[in-house]
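Following: one structure in structure tokens, then a few remarks.
Taken together, the values in this text are just the output of simple stated rules run on the coordinates, not laboratory data. In this text the structure is predicted, and so the values were computed from the model without any measurement. Methodologically, a virtual Cβ is constructed for each residue, glycine included, from the backbone with ideal geometry; neighbour enumeration extends over all protein chains shown.
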Amino acid sequence: MSETAGARPVPEQQRSTTFRKRRYSPMPVDQARRQSLAFEAAWRHFGQPGPVIAFLNMHNEALDARPLHLAVESDEGLERVEQLLKQLTLEV
């Protein structure tokens, strides 16, 4: 039996190293790029994880959508999110 700190012992025969098919499709490269750019823009504006996560994942009235979903959807959506962050910076 193997043991790790704080975990229940698991008998060796229950472990498997066989290949498991993914249950989901990986995000397309263009969507991953836009997601990363939206996160970076939000990080530059807020500078802390809590506000960044809240901004990206909560419905925004000005965008009428969740910023992260909008940004991942298209380049135009990403541009709208970046423009909103620039406006928020100017208002501060």
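Observations, loosely collected:
- Using a simple spin-label model with pseudo-atoms 7 Å out from Cα toward Cβ, Arg44 and Met27 lie 1.9 nm apart.
- For Asp75 and Ser36, the difference between the fully extended length at 0.36 nm per residue and the C-alpha to C-alpha distance is 12.8 nm.
- Using a cutoff of 8 angstrom between alpha carbon atoms and counting only pairs six or more residues apart, the relative contact order for region 26-91 works out to 33 percent.
- Long-range amide H partners of Leu63 with built H, under 5 Å: none
- Ranked by how many other Cβ atoms sit within 10 Å of their own Cβ, fewest first, the residues Val72, Val29, Val81 fall in the order Val29, Val72, Val81.
- In Hz, Karplus ³J(HN,Hα) per residue of region 29-46 (6.51, -1.76, 1.60; θ = phi - 60°; x = Gly, Pro): 4, 5, 5, 5, 4, 5, 4, 4, 5, 5, 4, 4, 5, 5, 5, 4, 6, 8
- Separation in nanometres of the label points that stand 7 Å from Cα toward Cβ, at Leu88 and Asn60: 0.6 nm
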